[in-house]
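Read the figures in this text as sums done on the coordinates, not as results from a lab. Source: prediction; values computed, not measured. So basically every Cβ, Gly included, is an ideal-geometry build from the backbone, and we count neighbours across all protein chains shown.
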Amino acid sequence: MSTVTNTAVVLCTCVIACILIKMLVPQGRTQKTMNIIVTAFLIIVMISPIKNLVASGNSFDISTPDESKIIEEYSDKVLAQTQDNLRKSLLSVLEQNGVTPRDVFVKLKTDNENGIIIDYIYIYLNENSRVKSGDAIKITEENFSITPEIVVK
């Protein structure tokens, strides 16, 4: 990949240099001559990496990555992000309703069709928040359609 990057950088640099040269050259015979020289230079710059690649015996590996691996990695990232977003949302909803949990844990899983399902929710309350456990359960059931496990420590 570094070969492609280096080639792109060299090509862009040469194109910019050629544009500057063409802008600075006066009109007339000199401009026509410079156009031929600049065009030849650009063609050589474009052909040079291909010639070097063939001469060195290397070949481009233009294989595509394993699609299932990409899908799995993407699914894992989406699942983790969704889990974090649901955790933050649940914390926010509970706090808005007067329940201040110590922490919340939301566990998600995927079904056979890559749909995301809430597997379980743990709400960690302090000892003095034990009286709010019923409210926490009710709020969670209303907003997330799942009965959470309440852990008091």
**Asked** Span-like helices, the chain: DSSP H, alpha-carbon axial extent 18 Å or more, mean Kyte-Doolittle 1.0 or greater, which ones?
**Response** 2-24, 29-56
**Complete:** FRET efficiency for Ile70 and Val9 from the Cβ-Cβ distance with R0 = 35 Å, rounded to 0.05, comes out at 0.80
**Request:** Calculate, in nm to one decimal, what Ile50 and Glu113 gain on full extension: separation in residues at 0.36 nm each, minus their alpha carbon distance.
**Result:** 18.2 nm
**Complete:** In this structure, among Lys22/Lys51; Lys77/Lys138; Lys77/Lys109; Lys132/Lys153; Lys69/Lys109, pairs with alpha-carbon gaps over 23 Å are Lys22/Lys51; Lys77/Lys138
**Scaled radius of gyration (Cα, divided by 2.2 N^0.38 Å) that the stretch 66-132 gives** = 1.40
**Complete:** Computed over the Cα atoms of the chain, the Rg and Dmax in Å are 31.3, 93
**Tail weight of P(r) past 15 Å, computed on alpha-carbon pairs of the stretch 1-42, percent** = 46 percent
